[in-house]
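Peer 1: Before anything else, here's the structure in question.
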Amino acid sequence: MLDATLQAQLKTYLERITLPVELVASLDNSPVATQMRALLEDIAALHPLVTARFDGDDPRRPSFAVRRVGSEIDLRFAAVPMGHEFTSLVLALLQAGGHPPKVEAELAAQIRALDPGEGRTLRFETWMSLSCHNCPDVVQALNLMAVLNPRVQHVAIDGALFRDEVDARQILAVPMVFLNGEPFASGRMTLEEIVRKVERSVDSGAAAREAQRLAQQETFDVLVVGGGPAGAAAAVYAARKGIRTGVVAERFGGQTLDTLGIENFISVPQTDGPKFAAALEAHARAYDVAIMNGQRAQALEPAARPGGDITLRLEGGATLKARSVVLATGARWRQVGVPGEAQYRNKGVAYCPHCDGPLFKGRRVAVIGGGNSGVEAAIDLAGVVAQVTLLEFGEQLRADAVLVARLKSLPNVSIVTQAQTTEITGDGRKVDGLRYTDRASGASHHVALEGVFVQIGLVPNTEWLQGTLALSRQGEIEIDARCATSVPGVFAAGDATTVPFKQIVIAAGEGAKAALSAFDHLMRVPAALAALPEVVADPAG
């Protein structure tokens, strides 16, 4: 099952195992079960502390458990975890085998403290696809929780193998997580996000305690709101000045976490989004930066006097103070805004073709949007689904010529231009079609299908700032050449602003500029200057 290169790599990793690990498979007579058996036999042959058994009694077949002998660790794979999930398997083996997981001590303590009540367990099921680049983070986070806390159980399930269950649960997007048989969350989540959500589900006072803890933070010299490329760059540049710097972010990495490949960040020929996001966070953590993940900003209150404190209120109830602020809240997928879109989100309406495309194998889908993102999505989906209908509002596709030529060469793709989507239809449980108006003739058409992928650009995450500072008609934060906003002491950078061309490298540069402008502001305002610590020149500029 494993080629010589993978076997050699895995053998090197397994040398870190110090405790016996048992792989217990529950198999059937399917070809996938044969592959699973071969995989487990290959793994067991690589280390004397790893053994494989094939007498499991799990009703979900084929599947296998990864167990530490003599412990209550319970993590499973109802999948042959190759592709993106091979790393999840390797980490499961190492952690079950006694190799300490890479997790901060405070977060590990939170995980060990999770307690749903006497005699109860937290039983997680993660539905994923092997081509999903968002799924491994969720799988690995829940596996880690199962290793650290015996009250947590986890199984990662390949939706392509268990279509009856997928259909019964109406799972049309991955990763999709169930907790004790009920929907828990969908989409990419960090370990911190999962732990925080579980804490709040089992402990009603967790949110209040977290808000109280955050409120005890001292006043920041620079407080960055957002953890994408712009926010990370701002944090690094501010921290290098020796001033107190904090970052408030829903997800450190921002939109890059949902990006499959990055090939245009200068000096980095190729990387993937999650790896790039991890590098952003690691760089910020290398400095004395207070990172507050999983926090959503609710309101910004300007300083009452020049040099006074700016107030940031968070949705959880916490209040933070800062002498200057850099807003780097980024953007999110733009929605079509038609009837049925919200109702059928994750029930046929999707935004990530790489993640959710395999769930529509052999089915009919539509892609809304004829720019590069839409055309690339249609090309990718055409290799998986039965039929792709691409709908473009304008008179012609807006994607690069090479992409359009590739799209038109595919036999199972239909292109409809001057198409205004008016409704996404369904049967109450899932999508069954899409309705559009031909803008040239005015005629209305209905396309029968099972999935709709929306690829129509981005919208800035600035709704919470309306009425506080100047926004453009598109909702972008208006900035000048120094990234200053209409509010003194408040700067902005990245995709949430009016800067043209939404690119990672541009956002990072703008973040650096905003931090330098914030520092310059602090140097020029007497009240803020008096509160600053002694600073030193940054040798890197």
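Peer 1: Any idea of the accessible area per residue across the chain, 1.4 Å probe, to the nearest Å²?
Peer 2: 44 Å²
Peer 1: At 7 Å along the Cα-to-beta-carbon direction for both Glu463 and Thr18, put a label point, then send me their distance in nm to one decimal.
Peer 2: It works out to 5.0 nm between the two label points.
Peer 1: Give the long-range amide H neighbours of Asp272: residues separated by 5 or more places, or on another chain, with amide H under 5 Å away, using H modelled in the peptide plane at 1.01 Å from N.
Peer 2: Long-range HN contacts for Asp272: Ile262.
Peer 1: Follow-up question, since we're still on this one. Given Cα pairs under 8 Å that are at least 6 residues apart, what percent is the relative contact order of segment 168-288?
Peer 2: 19 percent
Peer 1: Given Cα pairs under 8 Å that are at least 6 residues apart, what percent is the relative contact order of the chain?
Peer 2: Contact order relative to length: 12 percent.
Peer 1: Take Ala211 and Asn180, extend 7 Å from each Cα along the Cα→Cβ direction, and tell me the distance between the two endpoints in nm.
Peer 2: Inter-label distance under the simple model: 2.5 nm.
Peer 1: Considering amide H positions built from the backbone, and no H for Pro or chain starts, which residues 5 or more places from Ala299, or on another chain, come under 5 Å of its amide H?
Peer 2: Long-range HN contacts for Ala299: Arg313.
Peer 1: Sum up the charges of everything whose Cβ sits under 13 Å from the Cβ of Val338, counting Lys and Arg as +1 and Asp and Glu as -1, but leave Val338 out.
Peer 2: +1
Peer 1: Run the reach check for Lys513 against lysines, Cα to Cα strictly under 17 Å, same-chain hits fewer than 8 apart removed. What comes back?
Peer 2: The qualifying lysines are Lys241, Lys502.
Peer 1: What is the distance in Å between the Cα centres of segment 384-430 and segment 242-280?
Peer 2: Value for the Cα centre distance between the two parts: 30 Å.
Peer 1: Follow-up question, since we're still on this one. Let me have the 222 nm mean residue ellipticity of the chain computed from DSSP H runs of 4+ only, each contributing -39500 (n - 2.57), with the sum over all residues rounded to the nearest 500.
Peer 2: It comes out at -9000 deg cm²/dmol, rounded to the nearest 500.
Peer 1: Leaving out ligands, DNA and RNA, what percent of the accessible area of the chain is carbon and sulfur, probe 1.4 Å?
Peer 2: Here it works out to 50 percent.
Peer 1: Spin-label point model (7 Å from Cα, Cβ direction): what's the Met1 to Met523 distance in nm?
Peer 2: 6.1 nm
Peer 1: Another question, then. Give the separation of the Cα centroids, segment 133-180 to segment 479-498, in Å.
Peer 2: Answer, in whole Å: 41.
The values are calculated or read from the model by the stated rules, or taken from the named source; none is laboratory data. The shown structure was predicted, so the numbers you read here are calculated from the model rather than taken from an experiment. With ideal geometry, Cβ positions are generated from the backbone for all residues, glycine too; neighbour counts draw on all protein chains shown. Keep in mind that these areas ignore ligands, DNA and RNA; they rest on the heavy atoms of the full protein, side chains included. Shrake-Rupley method; radii C 1.70, N 1.55, O 1.52, S 1.80 Å.
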